[in-house]
Amino acid sequence: MSLPSSSTSTSFSTSSSTSSLASAKGIEGDKPAGGSPSPVERLENGPGPSNADEESVKTDNNESEEFSNGPDEGEDETSEEESDLSDNGLQCDVECEEDIIDESSSNSDVQRPVLQTCVPLNVVQPLRKRKCETDFVSSPCKKLNPEEKPTCHLLGKKLDDKGKHVRFVIPTRDNPPPEMSDWLLQFQRWSNAERMLAIDELIERCEPTQVRHMMQVIEPQFQRDFISLLPKELALSVLAFLEPRDLLRAAQTCRNWRFLADDNLLWKEKCRSAGIDDLRDSPPTKRKACRTTGNCGSPWKQAYMRQHNIKMNWRTMPIRPPKVLKGHDDHVITCLQFSGNRIVSGSDDNTLKVWSAVTGKCLRTLVGHTGGVWSSQMAGTTVISGSTDRTLKVWNADTGQCIHTLYGHTSTVRCMHLHGNKVVSGSRDATLRVWQVDTGECLHVLVGHLAAVRCVQYDGRLVVSGAYDYMVKVWNPEREECLHTLQGHTNRVYSLQFDGVHVVSGSLDTSIRVWEVETGALRHTLMGHQSLTSGMELRNNILVSGNADSTVKVWDIVSGHCLQTLSGAHKHQSAVTCLQFNSHFVITSSDDGTVKLWDVKTGEFIRNLVALESGGSGGVVWRIRASDTKLVCAVGSRNGTEETKLLVLDFDVEVKF
C-alpha cells in the first residue's frame, strides 16, 4: 500500500484543522503487523512543508481569520465534549466525517484505520466561529508541530444546488453587502414613478418570508397616535364625531385617550343629543366614589352611562319581582297618576289612595267623594279628582286633607286637564269649566257641545275638547269663545292630543284626524285601525295610538305616514287599554292581562313586562303609568279571577354601597 505524499498530508491537515467547530474524539485502530510504517510515523519522520507550502499556509490563515469571531466563542464550541486519546496521543474532532473503506473492495490484508482530523493535545487550536466550507477529502491524521497553524485552502463562497453563491456572513446595517450602496444610490436618483416600478418588481421577486418582513417594517409606520399628537381642542373636535359607544371604546386605548374621551363638555353634548338636560338624577354611587377616591370623572358621562344602563334594564336584564300594592278591594281602578315617588289611584269605590313607589306602602286614603272617581290629575303634592257625584276636589297628598270642593257641573265629571294653577274639567253635562286650583274659584264656563264631553286638553292658552257629538272644539277660555269647530268624524270622539300647533283626535269611526289649531284646517286623516282608538300619546310630531282592534300604530303627523304597526306574532290578543312611550320604547297594556315592551323606532317586540296568570280568563291591566325607571300597572278583573292591585316594576340601576 502506497502512502500519501508530504504535500498531500499538509493539504489534508490544513483542511481538517479548520473544522474546529466540532468537538474532539480519539482514533482507535491497530497497526498491521509486519506492514509498512503507519501514516502517522511516516509524517513524523518525513520532511516538513516546503517554502511554497508555508506561503500557502500563511495566505490561508489570513483568509480563515475573516471568519474567526474571538477566542471565547470558539472555546465554548470546542470544549463541549471530552476527547479520547489514541495510542499516538492525537486529538480529533468529534464531528469530523469518517471515511470508512469497504473491506470487500480492498485487496490488501491490512485494515485501514478510521481516518479523522486530529491535532496534538499540546497545541492550542485557533478559535473560530465557523467551519471551513470545503469538500471533505479522506486523508490520514497527522501530528502538528506547535508552531504550525491550521489552514483552509478552499475558503470562500459555497455553491448551492442551483449554482448560486451563498454568503456565510449574515449582512447587517453595519456590514451590508458591498453592492448595496451602489444600488441605494441609484434608487435615490430615480423619480417617484421609477421608484414605484422598482418596488413592484422587487416585491414580485421576493419570497413570502421577505414579504412578511416588509409588512412588519411598514405597518408600524402607519400606526400613528394622531389623537395624542393633535392639540387638545382639535382632538376633542375629532372625538365629538364618535358615537357614545365608540367613545367608550376609545377611552380604553391608553391613558391619554381616556383623558380626552372623558372630557365633560364632550359628554354634555352627547347627553343633550340623548335628551338628558340636567344632572339631578346622577347616580349616588358615583358621587360617593368621587368623595372617597377623588376620581370623579365626567358627571355628564356618568349621567349618560346611567341612562344607558337603565335602558338595558328595560330591554334585556331580568325583571325584578314587582312590588304589589293591594287596595280598593275588588273595585275597578278607573284612573292612575304617577309623579316622583308618589302614586295616586282612583276607584269606583269613591276613594283615592296615595302610595309610596319606593316602599309600596299606602300613605293616605282620600275619602270625601260620594260617587265613583273617574278622573284625576296630580302636580307635586296637589291632587285633583272628578267624580260621578258631579264635583271636583282638591287634595293635599301629604296630609290627605281636602282643600277645596268645586261645585258647578250637573253631571259626572268625566275628564280634566291640569296646567299650572288652572284645571279644565269636562262633564257629561256637555260643558267645560275652568277652575283656579289654589282658590277653588270657577273662572270660566265653556258651552257649545251638544253631548257629553269625553276628553279635554289645555296648554295654558287654548282649550281643545272632544265630545260624543262627533265634534272637536277649540276654545279661547279667557273670552269663553269657541274659535273652531273641527268637523269630520262620523262617531264619538274618545281621545285627544294637543301640542300647541296640532290637534289630533281619535274616534269610534276608526279614524284619527290631524288638524291645525290656528286655522282649524284638516291636515291628515290617518286610516288603518279597525275599531275605537282608546288612547294616544304625542311627542315631537310622533303619535302612538292604541286601538280596540288589539294593534298599536306609530305615526308621523307631519307627513301623515304610518311608521310602524306593533303587531305580529306577539301582538295583544284583546283591546289595548293604555299606552306610554318615550324616545326608545312603547309600553302597552291590554284586556288580555299583559304589558308589552316594543322598540318605538323599529316596531320590534322586545318582551312581556307583565303577564297575569289570569290573562285571557278575566285578568285585565286597566291603566299603566311609567317614568324613566319605574312602571306602575293597575290590574284586576271584572269576574273576580284577579285581585285588584297595583304592580310597581323597578328598572333603575341598583345602588351598591
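The values are calculated or read from the model by the stated rules, or taken from the named source; none is laboratory data. Worth saying up front: this structure is predicted, and the values here are computed from it rather than measured. When we count neighbours, we look across all protein chains shown, and the Cβ atoms used for this are built from the backbone with ideal geometry, even at glycine.
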**OP:** Identify, by number, the condition in (1) of a type outside the set (Phe, Trp, Tyr); (2) at pLDDT 85 or above; (3) not assigned by the TED database to the domain that holds ARG638 that PRO220 doesn't meet.
**Re:** (2)
**OP:** Return the pairs, sorted by first residue and then second, in which the second residue is assigned to a helix (DSSP H, G or I) and not basic (Lys, Arg), the first residue lies in region 567-587 and is in the same structural domain as LYS630 (by the TED database), the beta carbons are less than 7 Å apart, and the residues are 6+ apart or on different chains.
**Re:** PHE585/TRP314
Original post:
Just for region 502-526: of the residues that are closer than 19 Å to TRP475 by Cβ and of a type in the set (Gly, Ala, Ser), which one is surrounded by the fewest Cβ atoms within 10 Å (Cβ to Cβ)?
Top reply: ALA521
**OP:** Give me a count of the residues in region 551-579 that are farther than 21 Å from THR644 by Cα and either under 33 Å from the mean Cα position of the chain (by Cα) or in a strand (DSSP E or B) (or both).
**Re:** 16
Original post:
If you check ARG461 against the conditions, is it over 18 Å from TYR494 (Cα atoms), in a loop (DSSP other than H, G, I, E, B) and within 53 Å of the chain's Cα centre (by Cα)?
Top reply: yes
Original post:
Which one of these is under 30 Å from ILE276 (Cβ atoms) and either surrounded by 11 or more Cβ atoms within 10 Å (Cβ to Cβ) or within 27 Å of the chain's Cα centre (by Cα) (or both): LEU229, LEU236, LEU202, LEU197?
Top reply: LEU236
Original post:
What number of residues in region 557-566 are crowded, with 16+ Cβ neighbours inside 10 Å and polar (S, T, N, Q)?
Top reply: 1
**OP:** Select from region 259-301 the residues that are among the hydrophobic types (A, V, I, L, M, F, W, C), part of a helix (DSSP H, G or I) and at pLDDT 60 or above and write down the one among them that is surrounded by the fewest Cβ atoms within 10 Å (Cβ to Cβ).
**Re:** LEU265
**OP:** Please specify each residue of region 631-657 satisfying the condition of being modelled with pLDDT under 90 and of a type in the set (Lys, Arg).
**Re:** ARG638, LYS656
**OP:** Exactly one condition in (1) in contact with a strand residue (DSSP E or B) (Cβ under 8 Å, 6 or more places away or on another chain); (2) at pLDDT 90 or above is not met by ASP628; state its number.
**Re:** (1)
**OP:** Determine whether region 317-334 contains at least one residue that is at pLDDT below 95, crowded, with 21+ Cβ neighbours inside 10 Å and part of a loop (DSSP other than H, G, I, E, B).
**Re:** yes
